[in-house]
Amino acid sequence: MRQEDGDLDGLVRKRIRALRIAQGWSLEELAARARLSPSTLSRIETGHRRLALDQLVVLARALDTSLDQLVETDTDDVVSQPVVDSAHGWLRWSVKADPSLTVVRQRLTAPPPDSPARLRAHAGREWLVVLAGTAVLLLGHRRIRVETNQAAEFPTMLPHAIGAAEGGPCEVLGLFDRDARRGHRAEAAPRER
């Protein structure tokens, strides 16, 4: 066995045990979920039983993770650099663990639009936290102030817009799912032409 194989083997065993403990499950509980005997699971965790692919698939499913995440070894790129989204004036980061999510940091200087016709709706969900200042979230007919260190989460099928409160800029960190990100790109496309 090569050194890298032994390192991966040990890493996978530690992950199985750590995920089990994080769920608050005993050996018996995870073994039942994975349809393994508790002694087999114990031997897998402690390295006294060979790791078999079919058992790893079953364990990943029982632990509510993927096989890829269970055996992932690529931890070199723990720091990621932002991409400038010039259409919106955002700094944007992709979330490596879940490529369907995007993180956006935005400085808002203008208030939200004053016309309900300028509110946008699209598929998806958004989550944002105000890092500095006060943001105003227009959500349907509601006008919501979101202060520093407060967060808001909402379905983007509701007509919405966000801007800075009167008296100053604000800085927000937003998290968009794949559908919400697509909706924002579609809105920006006409302005880019």
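The values are calculated or read from the model by the stated rules, or taken from the named source; none is laboratory data. This is a predicted model, so every value here is computed, not measured. We place every Cβ from the backbone using ideal geometry, glycine too, and count neighbours over all the protein chains shown.
Among what's in the stretch 28-48 and is assigned to a helix (DSSP H, G or I), over 29 Å from the mean Cα position of the chain (by Cα) and hydrophobic (A, V, I, L, M, F, W, C), pick the residue that is farthest from LEU70 (Cα to Cα). The selected residue is ALA32.
Can you tell me which residue is surrounded by the most Cβ atoms within 10 Å (Cβ to Cβ) among those in the stretch 149-164 that are in a loop (DSSP other than H, G, I, E, B) and out of contact with any Asp or Glu (no Cβ under 9 Å at 6 or more places or on another chain)? Once the filter is applied, the top-ranked residue is PRO159.
Here's the yes/no breakdown for (1) surrounded by 13 or more Cβ atoms within 10 Å (Cβ to Cβ); (2) at pLDDT 90 or above; (3) in contact with a Leu (Cβ under 6 Å, 6 or more places away or on another chain):
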{"position": "GLN23", "(1), (2), (3)": "yes, no, no"}
{"position": "PRO38", "(1), (2), (3)": "yes, yes, yes"}
{"position": "ILE44", "(1), (2), (3)": "yes, yes, no"}
{"position": "ASP76", "(1), (2), (3)": "no, no, no"}
{"position": "ARG92", "(1), (2), (3)": "yes, no, no"}
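One residue is enough: does the stretch 56-63 have a residue meeting the conditions surrounded by fewer than 16 Cβ atoms within 10 Å (Cβ to Cβ), over 19 Å from the mean Cα position of the chain (by Cα) and modelled with pLDDT under 90? Looking through the stretch 56-63, none of the residues is surrounded by fewer than 16 Cβ atoms within 10 Å (Cβ to Cβ), over 19 Å from the mean Cα position of the chain (by Cα) and modelled with pLDDT under 90. Pairing each residue of the stretch 81-94 that is under 13 Å from GLY174 (Cα atoms) with any residue that is hydroxyl-bearing (Ser, Thr, Tyr) and modelled with pLDDT of 75 or more, provided the two are 6+ apart or on different chains, yields C-beta distances under 8 Å for ARG92/THR102; TRP93/THR102; SER94/THR102. Looking across the stretch 101-115 at every residue that is polar (S, T, N, Q) and closer than 18 Å to PRO82 by Cβ, the one that is modelled with the highest pLDDT is identified as GLN106. Against the conditions (1) in contact with a strand residue (DSSP E or B) (Cβ under 9 Å, 6 or more places away or on another chain); (2) outside any strand (DSSP E or B), LEU131 satisfies every one except (2). Within the stretch 165-187, being crowded, with 18+ Cβ neighbours inside 10 Å and either over 21 Å from the mean Cα position of the chain (by Cα) or polar (S, T, N, Q) (or both) holds for ALA165, CYS170.
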